[in-house]
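A.B. asks: Sharing a structure, written as structure tokens. Questions coming.
Every number in this text was worked out from the coordinates using simple rules, so none of it is lab data. Since we're looking at a predicted model, the values are computed, not measured. So basically every Cβ, Gly included, is an ideal-geometry build from the backbone, and we count neighbours across all protein chains shown.
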Amino acid sequence: MARIDYFFSTISPYAYLGHAALLEVARDTGARIEYRPVRIFELFDANGAVPLKKRAPARQRYRVVELQRWRDIRGVPLNIQARHFPTDPGLADRCAIALVSAGLDPAAYVGAAFRALWADDRDIAERDVVADLLDASGFDAGAILEAAGQHAAHATYGSNTAAAIAADLPGLPGYVLNDEPFWGQDRIEALHDALKSGRPPYGRD
């Protein structure tokens, strides 16, 4: 079974836009998704990206166009000017890590966290919001929140970030198949093609 390393943060609108499409690729190809939340700003620092407010004005304006374009293409609701962006995604991200560590499928929770921030104007930095998302996704919110605060979850958050940096991902989302990186939700179709064809991975040297 092919494995897709899925590097993301619940604060990323592009990860949100690509989430359902990635799940469909996995269903179609039988690939397994390995959920790997990342400290997005550490990734930016390491691989040359900058936070939104530090980007050139033209890039900030183009981002608005891109978000509208891909919102329509993917058919998902998205508030371009989300009320609680930017916010701290650490707790929400580590809850996804805790779910994975418990052997649970975090797909529904991750999708709910994306929608909470980008469609429902909820602040995913708030513990009560995250607890509600976990409960609504069918999980024991108390147990998962407790695990998310433990050293193991923080350590995995760090190791995921180091792995994303090593994979040469400039930003999120990133998907890695057989050591070949695919950066951005607009590369999901290329990822699908690579899975269906079974071609050897393209090198980075």
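A.B. asks: Classify segment 165-205 from the C-alpha gyration tensor, please: rounded if a/c falls under 1.5, else prolate or oblate depending on whether a/b exceeds b/c. Don't skip to the answer; put the middle values down first.
C.D. replies: On the way: a/c = 2.63, a/b = 1.25, b/c = 2.10.
Oblate, because a/c is 1.5 or more while a/b does not exceed b/c.
A.B. asks: Let me make sure I get this right: for segment 1-81, a, b and c are the square roots of the gyration tensor eigenvalues over alpha carbons, sorted descending. Under 1.5 in a/c it's rounded, otherwise prolate if a/b > b/c, else oblate. Which is it? Kindly include the intermediate steps, with their values, before the conclusion.
C.D. replies: Values: a/c = 2.85, a/b = 1.38, b/c = 2.07.
Cα axes put segment 1-81 in the oblate bin.
A.B. asks: Rounded, prolate or oblate: which fits the chain when a ≥ b ≥ c are the square roots of the eigenvalues of the alpha-carbon gyration tensor, with rounded for a/c under 1.5 and prolate only if a/b beats b/c? Write down the numbers at each step before the final one.
C.D. replies: On the way: a/c = 1.37, a/b = 1.11, b/c = 1.23.
It comes out rounded by the Cα gyration axes.
A.B. asks: So for the chain, averaging the separation of alpha carbon pairs under 8 Å that are six or more residues apart and normalising by length, what relative contact order in percent results? Please report the intermediate quantities before stating the final value.
C.D. replies: Values: 307 pairs, mean separation 65.2, N = 205.
Relative CO of the chain lands at 32 percent.
A.B. asks: Which listed residue (Leu67, Leu91, Phe8) has the Cα farthest towards the positive end of the charge dipole for segment 1-156, taking +1 on Lys and Arg C-beta and -1 on Asp and Glu C-beta about the Cα centre?
C.D. replies: Of Leu67, Leu91, Phe8, it is Leu67.
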